[in-house]
Amino acid sequence: MALDRISLTSFRNHRATQIDRTRQFNLLVGENGAGKTNVLEAISLLAPGRGLRRAALAEMAAQQGPGGFTVSARLDAGAGEPVQLGTGADGAQPGKRLVSVNGAASPANRLAEWLSIGWLTPAMDRLFTESAGARRRFLDRLVLAFAPGHAATASRLEAALRERNRLLSDPREPDPQWLGGIEAQLAEAGAAVASQRASTVERLAAMLETLPSEPFALPRLAYKPGGPLEADALALTLRQCRGQDRAAGRTLTGPHRDELAVTMAGKEQAAAECSTGEQKAMLISIVLAHSRLLEEDAASQRPRVLLLDEVAAHLDPVRREALFERLRQGRAQVWLTGTERAPFSSIEGEMAVWEVRGGEARKVD
């Protein structure tokens with residue numbers, strides 16, 4: 001067990017929802033719009049970042065509510081006392097995220113030190129046809145499961161990148177010494193981010209090679225860096241490219257231009273050119289390979305949570321059973337959503353079920 005006693009207060013359409021007595025498999029069942037995905041989104045906020053919808057904090061607060069919201073859960077790490085994790089926003093400062101660990105204020109990036117959370121949502125079916133930025137965010141979520149400090153490093157990179165872009169877009173000539181200092185920070189953080197991304201893709205690609213080609217289509221992964229991988233080389237490139245970057249008004253080289261290239265094994269066809277079904281299957285394969293890799297990684301033994309939104313409804317019975325079997329073999333706590341229970345009949349005796357209706361979740365025994 002990973003998360004239990006989950007509480008949502010004034011979160012989207014959930015005024016006051018309590019979820020407890022969880023198991024490895026947990027199913028939220030109800031009609032479309034009932035609030036199932038809202039529960040998954042709330043859980044996803046117990047990790048660094050903006051959650052599975054990437055929504056602004058103000059959008060998550062319940063309408064006609066106090067303007068803020070809270071999400072909390074008890075984390076059972078398997079050893080020692082349970083840890084109480086919480087996050088939310090105050091109505092007086094709706095744009096400021098609040099995070100707590102055992103009641104004490106904490107930076108959001110520190111949440112990654114306590115547990116790993118991954119997700120698969122219908123919106124991610126477009127991952128291979130969206131911008132490279134969407135794939136970088138997906139990759140960074142995978143990296144975070146192995147390296148909790150990646151979130152803080154990525155934040156330093158983004159801060160340095162914003163500052164350099166601000167200086168470059170200023171009509172006044174930037175101070176070379178100040179610009180050089182920003183570039184040094186960007187290069188140091190960028191090299192660390194790129195190194196973690198490259199390592200994760202390499203490990204994932206190797207794991208995918210060991211998996212059967214059926215019933216899920218297998219992808220081949222490649223990391224394509226957006227600039228030099230070494231800090232010194234990146235700093236030199238940034239310095240040499242000041243002129244063209246200033247003309248463009250932004251930084252054109254660096255890990256913010258990285259790409260996760262995905263092709264379908266056997267067909268050697270870019271994922272973006274594959275059918276919707278093949279893309280879905282490849283995405284599931286990546287998530288399952290990542291989960292298996294974590295199982296074998298001695299340094300990644302934090303509790304893990306997988307949020308799978310409407311994943312079973314779009315799989316045929318053979319692939320659905322294969323998915324459940326692979327999840328069953330792992331140690332991750334799994335959260336599933338569906339409009340009916342029938343697709344989950346093979347794990348009926350293994351799952352806890354909540355019926356979600358109108359922003360309320362009722363445990364079904």
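The values are calculated or read from the model by the stated rules, or taken from the named source; none is laboratory data. Note that the structure is a prediction, hence the values are computed from the model and not measured. Note that we place each Cβ from the backbone using ideal geometry, even for glycine, and neighbour counts take in every protein chain shown.
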Pairs where the first residue, in segment 150-175, is farther than 13 Å from His256 by Cβ and the second is loosely packed, with under 13 Cβ neighbours inside 10 Å, C-beta under 6 Å, 6+ apart: Ser169/Gly249
Scope segment 315-365; condition touching a helix residue (DSSP H, G or I) at 6+ places or on another chain (Cβ under 6 Å) and over 30 Å from Leu293 (Cβ atoms); matching residues: Val356
Qualifying residues in segment 329-358 (those that are under 21 Å from Ser44 (Cα atoms) and modelled with pLDDT under 95) - the one surrounded by the most Cβ atoms within 10 Å (Cβ to Cβ): Ala332
Output for segment 209-242, where each listed residue is assigned to a helix (DSSP H, G or I) and at pLDDT below 95: Glu209, Thr210
Any hit, segment 45-55, residues being of a type in the set (Gly, Ala, Ser) and touching a residue at least 24 places away in the same chain (Cβ under 8 Å): yes
Test for Ala361: is it within 18 Å of Gly33 (Cα to Cα) and either surrounded by 14 or more Cβ atoms within 10 Å (Cβ to Cβ) or among the charged types (D, E, K, R) (or both): yes
Qualifying residue in segment 43-54 (condition: part of a helix (DSSP H, G or I) and within 23 Å of the chain's Cα centre (by Cα)): yes
Residue count, segment 58-112 (criterion: farther than 23 Å from Thr17 by Cβ, of a type in the set (Gly, Ala, Ser) and not in a loop (DSSP other than H, G, I, E, B)): 4
Scan of segment 265-283 for residues that are surrounded by fewer than 22 Cβ atoms within 10 Å (Cβ to Cβ) and of a type outside the set (Gly, Ala, Ser), ordered by number: Lys267, Glu268, Gln269, Glu273, Cys274, Thr276, Glu278
